[in-house]
Amino acid sequence: MKKVIIICLLIFSVILVSGIIVYQNAVKPLKAAETIAIERAMKETRLEKAKDFKVYHGQETYYIVKGKNRSGTNIYVWIPEKEGQIIVRKVSDGVSKEDAINKLKEEKHPKEIISVRLGMEKNIPLWEIYYRTDGDLINYYYVDFKSGEWLKKIENL
């Protein structure tokens, strides 16, 4: 009976350690991208302190950093994965996440909002809202960060 318990614990330990190693290897490229993006933003903009980091995969990949500038103002920084212009906007100069969701709800009736994130398309900062409608159809709704106006929809996938 002791042998069975020891073998089970050994197998469990091997599985646990393997899972941890796989997870760390999977996260490593994202952590490296985060470090490079934040360093670039601090070097090329007035970003003083980074609070949040997200990745947006649209027509091009952008890294979005939320933080504070040297004067203490909350800002968003859009950093292109490849060479390109970094775009900085004050958080207060655009519509909030909640306002973008309300814009969607005015026009559509989402069953479930799955995610809301900042992105960039054709040098226009935007909110991407990923949601489901009745029948579990997948939809994307894009709201201009500055004006709060609808930019584009991808529906019924």
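The values are calculated or read from the model by the stated rules, or taken from the named source; none is laboratory data. It should be emphasised that the depicted structure is a prediction, and the values quoted were computed from it without experimental measurement. Using ideal geometry, Cβ is built from the backbone for each residue, glycine included, and neighbour counts are taken over all protein chains shown.
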Discussion item. Can you tell me which condition Gly84 does not meet? The list is (1) part of a loop (DSSP other than H, G, I, E, B); (2) under 25 Å from Asn156 (Cβ atoms), and all the others hold.
Written reply: (2)
Worksheet item: Which of the following residues is touching a Ser or Thr at 6+ places or on another chain (Cβ under 8 Å) and among the hydrophobic types (A, V, I, L, M, F, W, C): Ile86, Ile154?
Response: Ile86
Worksheet entry | Out of Ser115, Ser96, Ser92, sole residue that is over 16 Å from the mean Cα position of the chain (by Cα) and at pLDDT 95 or above | Ser92
Worksheet, complete the sentence: Given (1) in contact with a Phe, Trp or Tyr (Cβ under 8 Å, 6 or more places away or on another chain); (2) crowded, with 17+ Cβ neighbours inside 10 Å, Gly67 misses just (1)
Worksheet item: Considering segment 87-112 alone, what residues qualify as being assigned to a loop (DSSP other than H, G, I, E, B) and surrounded by fewer than 17 Cβ atoms within 10 Å (Cβ to Cβ)?
Response: Ser96, Lys108, His109, Lys111
Worksheet item: Between residues in segment 84-104 that are free of Cβ contacts under 8 Å to residues at least 40 places away in the same chain and residues that are assigned to a loop (DSSP other than H, G, I, E, B) and of a type in the set (Ser, Thr, Tyr), which pairs lie under 9 Å by C-beta distance while being six or more apart or on different chains?
Response: Lys90/Thr73; Val91/Thr73; Ser92/Thr73
Practice prompt. Report yes if some residue within segment 28-46 is in a strand (DSSP E or B), under 15 Å from the mean Cα position of the chain (by Cα) and of a type outside the set (Ser, Thr, Tyr); otherwise report no.
Written response: no
Worksheet item: Looking at Tyr23, Tyr56, Tyr63, which one is out of contact with any Gly (no Cβ under 8 Å at 6 or more places or on another chain) and modelled with pLDDT of 95 or more?
Response: Tyr63
Worksheet item: Val55 is checked against (1) touching a residue at least 24 places away in the same chain (Cβ under 8 Å); (2) part of a helix (DSSP H, G or I); (3) not polar (S, T, N, Q) and fails just one. What number does that condition carry?
Response: (2)
Worksheet item: For Leu157, all conditions in the list (1) in contact with a strand residue (DSSP E or B) (Cβ under 6 Å, 6 or more places away or on another chain); (2) modelled with pLDDT of 95 or more hold save one; what is the number of the exception?
Response: (2)
Worksheet item: Between residues in segment 33-49 that are in the same structural domain as Asn69 (by TED's automatic domain parsing) and surrounded by 14 or more Cβ atoms within 10 Å (Cβ to Cβ) and residues that are assigned to a helix (DSSP H, G or I) and not charged (D, E, K, R), which pairs lie under 7 Å by C-beta distance while being six or more apart or on different chains?
Response: Leu47/Ala41
Discussion item. Need pairs with beta-carbon distance below 8 Å; first residue under 9 Å from Leu126 (Cα atoms) and assigned by TED's automatic domain parsing to the domain that holds Tyr131 and within segment 141-155, second assigned to a loop (DSSP other than H, G, I, E, B) and hydrophobic (A, V, I, L, M, F, W, C); sequence gap 6+ or separate chains.
Written reply: Val143/Val95; Asp144/Val95; Phe145/Val95; Lys146/Val95; Gly148/Val95
